[in-house]
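Reviewing the structure listed below.
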Amino acid sequence: MNGVTENIHTAQEQIAELEQQSGRPRGSVTLLAVSKRQSVAKIREAAVAGVLDFGENYLQEAIEKQRQLEDLPKLIWHFIGPIQSNKTRGISENFDWVHSVGRSKIARRLSEQRPPHLKPLSICIQINLSEEDTKSGTTTTQAADLCALTDSLENIRLRGLMAIPAPSENAEVQRKNFMALSRLFNTLKSKHPSMDTLSMGMSNDYGPAILEGSTMIRLGTALFGPRPS
Ligand SMILES: *Cc1c(COP(=O)(O)O)cnc(C)c1O
């Protein structure tokens, strides 16, 4: 297995190539390093290699890691996991971004509980494309209403959409899912100009995601190796 630094360089080269292939300027796609269940030492290595954005799924684990990394220049922390109501306060106090907002109740609580001395919390609305009820996120049809509500909240900045399409080995299916998300994103963005982020693509599918317009890819395994269980 390669080291974290090497994996980051490889991912950055591939991102640059895919940006070029999709006719977009260099730097259009942000690399979000998903560090859930990975060690603080690995996060430190990624930060030294130039990664600024980190994604975490579990509140307590994230707070503990943030405490151990306080000596580093400011990192940008993204909450990307499912959100229970009783976790919104901790999330709004300790993160810069939340990608997994799928319900109006959660959006309202995050705004109410965002400490006033911090910048507005950047929010992505999570879309449940397959509309399986086991998955979190809002449906394509309800996305417009949730974006409108979120955009009206005081301590929130609506930044875009996030999705985790069902894994598929079929490249055509992958591409169709990303195209559908891209289309929805462009429609909503025309009503909400603050929307500048389409968070889609993970270790196994970030190539097609970038080609269809992703602006932020969330890579865990590809950078850090398998997650310890
Ligand atoms: C864990 C996770 C990822 C990273 O997945 P990899 O396949 O390891 O790249 C990305 N997004 C979300 C929401 C996750 O929970």
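A few remarks follow.
- Residue list for region 141-172, filter: surrounded by 14 or more Cβ atoms within 10 Å (Cβ to Cβ), over 24 Å from L32 (Cα atoms) and not hydrophobic (A, V, I, L, M, F, W, C): Q142
- Failed criterion for R175 (all others in (1) part of a helix (DSSP H, G or I); (2) open to solvent by less than 50 Å² (accessible area, probe 1.4 Å); (3) in contact with a Leu (Cβ under 9 Å, 6 or more places away or on another chain) hold): (2)
- Residues in region 1-26 that are within 16 Å of the ligand (Cβ to nearest atom) and of a type in the set (V, I, T): V4, I8, T10, I15.
- Of all residues in region 76-99 being without any contact (Cβ under 8 Å) to a residue 60 or more places away in the chain, out of contact with any helix residue (DSSP H, G or I) (no Cβ under 6 Å at 6 or more places or on another chain) and part of a loop (DSSP other than H, G, I, E, B), the one that is surrounded by the most Cβ atoms within 10 Å (Cβ to Cβ): F95
- Residue list for region 101-136, restricted to those being at pLDDT 95 or above, of a type in the set (A, V, I, L, M, F, W, C) and crowded, with 16+ Cβ neighbours inside 10 Å: V101, I106, A107, L110, L121, I123, C124, I125, I127
- Of the residues S214, S199, S203, S190, the single one that is open to solvent by 30 Å² or more (accessible area, probe 1.4 Å) and in contact with a strand residue (DSSP E or B) (Cβ under 6 Å, 6 or more places away or on another chain) is S203.
- Sole exception among (1) touching a Gly at 6+ places or on another chain (Cβ under 7 Å); (2) under 28 Å from T139 (Cα atoms) for R103, by number: (1)
- Residues (touching an Asp or Glu at 6+ places or on another chain (Cβ under 7 Å) and open to solvent by less than 30 Å² (accessible area, probe 1.4 Å)) located in region 178-187: F178, S182
- Test result for V29, within 16 Å of the ligand (Cβ to nearest atom) and within 23 Å of T150 (Cβ to Cβ): no
- Residue in region 171-189 that is within 16 Å of the ligand (Cβ to nearest atom) and among the hydrophobic types (A, V, I, L, M, F, W, C) present: yes
- Residue in region 117-135 that is away from the ligand (no atom under 15 Å from the Cβ), more than 20 Å from the chain's Cα centre (by Cα) and not in a loop (DSSP other than H, G, I, E, B) present: no
- All of (1) surrounded by 24 or more Cβ atoms within 10 Å (Cβ to Cβ); (2) within 16 Å of the ligand (Cβ to nearest atom) hold for R227 with one exception: (1).
- Qualifying positions in region 76-112 - small (G, A, S) and under 19 Å from D151 (Cβ atoms): S92, S100, G102, S104, A107, S111
- Test for L146: is it under 29 Å from R114 (Cα atoms), touching a helix residue (DSSP H, G or I) at 6+ places or on another chain (Cβ under 8 Å), at pLDDT 95 or above and in a helix (DSSP H, G or I): yes
- The number of residues in region 4-59 being loosely packed, with under 14 Cβ neighbours inside 10 Å and in contact with a His (Cβ under 7 Å, 6 or more places away or on another chain) comes to 0.
The values are calculated or read from the model by the stated rules, or taken from the named source; none is laboratory data. Worth saying up front: this structure is predicted, and the values here are computed from it rather than measured. Cβ: placed from backbone, ideal geometry, glycine included. Neighbour counts: every protein chain shown. Accessible surface areas use protein heavy atoms only, side chains included; no ligands, DNA or RNA. Shrake-Rupley method; radii C 1.70, N 1.55, O 1.52, S 1.80 Å.
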